[in-house]
1. Search region 421-464 for residues being surrounded by 22 or more Cβ atoms within 10 Å (Cβ to Cβ) and closer than 19 Å to residue 636 by Cβ, and hand back the single one that is nearest to the chain's Cα centre (by Cα).
2. Suppose we filter 486, 470 for residues that are closer than 25 Å to residue 225 by Cα and either surrounded by fewer than 24 Cβ atoms within 10 Å (Cβ to Cβ) or in contact with a strand residue (DSSP E or B) (Cβ under 6 Å, 6 or more places away or on another chain) (or both); which single one remains?
3. Which residue, of 552, 514, is touching a residue at least 24 places away in the same chain (Cβ under 8 Å) and closer than 25 Å to residue 223 by Cβ?
4. Could you tell me whether residue 465 is assigned by TED's automatic domain parsing to the domain that holds residue 373, at pLDDT 95 or above and either assigned to a loop (DSSP other than H, G, I, E, B) or touching a helix residue (DSSP H, G or I) at 6+ places or on another chain (Cβ under 7 Å) (or both)?
5. Can you tell me which of 614, 652, 627 is under 24 Å from residue 466 (Cα atoms) and either touching a residue at least 60 places away in the same chain (Cβ under 8 Å) or assigned by TED's automatic domain parsing to the domain that holds residue 545 (or both)?
6. So which of 69, 138 ends up being more than 27 Å from residue 519 (Cβ to Cβ), in contact with a helix residue (DSSP H, G or I) (Cβ under 9 Å, 6 or more places away or on another chain) and part of a helix (DSSP H, G or I)?
7. Regarding region 101-108, can at least one residue be identified that is under 20 Å from residue 122 (Cβ atoms), modelled with pLDDT of 90 or more and assigned by TED's automatic domain parsing to the domain that holds residue 129?
8. Could you tell me whether any residue of region 73-81 is touching a strand residue (DSSP E or B) at 6+ places or on another chain (Cβ under 6 Å) and in contact (Cβ under 8 Å) with a residue 60 or more places away in the chain?
């Protein structure tokens, strides 16, 4: 009978029966998703999943170091994913690892080596890792982890006691005071942290060990397909007015690559946080969870372009290729196509026949219209009334030059929608109608484009938003779903989908969509925090009548996310409105639970928010109750009338 030595990982869910008893469908969805995550991590660490029935997973590795590193990565990733779920629905796995003889039988393995791993799994804490003495002996001095000896354990069906150790991994990010965390929470002093980092470098751990120790929350598992971040191209023209051009090059490359089914591409918002900064490849890989990055520069002088681009492996810092392009301005689209094709060849991306045929097809026939569009897009992101109007004029010029320019129509619709949303227009009804008509026209034009219809996801996002605020929830949902189906890397498409689900009263699924958006856009904007706060607010309302304690926890989660949104943008008025509602809800509950001091604090904070909102121009509810009610109904288009009426009542009561 053949035997071999292998490192075995055994996993199961703690409290699985309770989770199934409370909500079978949600539990099955979560355990399926988490098993997929674990399987991907096993593959990344050169292991093999042997079996994964129900809430269990069994994997084998040729290297015990790979097995332990995989176990740590699994617990960190699941910890991060659990933060998106309310505490009662969080799913924690216990992991047991053993190094021992196994008996292969086809794809399966048997023997005491497997049985001991399964028994150690039972000794692990929820969310923890337990290893055997044979594993400990191999990794104790080779990984930046700490271990607690649990003694000699007598386990079922194993003749001799087994030495067992609990892994205490360096697992949390640096906190705001700069201290580091270990074991999923405990802190290390800066002095100890520096000593450990120095030791890791001496031991040859280098960047990989530093990443494992300091940035676990940022150690997002790499996707199964090649992953890339396109960093902002540097403007070398010596003219700040040309920033729009280098930014436009970056955006177009992101758009081009995003449409490819074989690539995972980070969103614009996240990569632009590095604009103007000198960053090392390993930092980008660590913070964005990608294997590769593209960087470059653009110099535009008169009608000539000089473009440089280089593709870098973030794990090694090595350049896979670098290229200079000296071209005429009118060749801008051809250069972008050439760069995109070089990337796909270098990363061995498998293109579909349609992708191969239509790659590089520009979304406008006019380079000058493209320039106007990019200038307008830069202004539009500043979110002021004046610059919104300036952006509109530029989009209109782009459309004059290219009447088929679908993305220009979509962005023009955005300017009118913002006039309506932020009350920048004296005639808000006309602004809303223009946003609707222009978004519809953008979708019609985008559908006429040849595949892969690069403008369509962006047009659908604008169309979905105007439909949503007209109360056409199913059509808005269809638009969001089609946007992400056509561009699986479109983070804001997932954001729209989450918002639609919130207004349809499906907060749990909305939180899952925000998680997808955040993975594609790790340095995510304030509106993602807002969506999560909104989802928890709705969930709090929906559980009020059945579970008061759970409802309160959801409202507390909502408060956390809304404050995070306001920390990124203090002028985010909608986030302040919901924070006022949440504070009022919590104040009432705490007063009813004889927590007077906490109730007073929440109520005082609510009064502060009322003052801030009035200073921002929001009228008091008591000034014109009917107009106030109409305004809330327009800007918070819930399908469930009970939610909107409750929100109106809470906001009115808060001002009394």
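1. 464
2. 486
3. That would be 514, the only listed residue that is touching a residue at least 24 places away in the same chain (Cβ under 8 Å) and closer than 25 Å to residue 223 by Cβ.
4. Taking the combined requirement at face value, the residue satisfies it.
5. Among 614, 652, 627, only 627 is under 24 Å from residue 466 (Cα atoms) and either touching a residue at least 60 places away in the same chain (Cβ under 8 Å) or assigned by TED's automatic domain parsing to the domain that holds residue 545 (or both).
6. So the residue among 69, 138 that is more than 27 Å from residue 519 (Cβ to Cβ), in contact with a helix residue (DSSP H, G or I) (Cβ under 9 Å, 6 or more places away or on another chain) and part of a helix (DSSP H, G or I) is 138.
7. yes
8. no
The values are calculated or read from the model by the stated rules, or taken from the named source; none is laboratory data. Every value quoted in this text rests on a predicted model; they were computed, and no experiment measured them. Quick reminder, even Gly has a Cβ in these numbers, built from the backbone with ideal geometry, and neighbours come from all protein chains shown.
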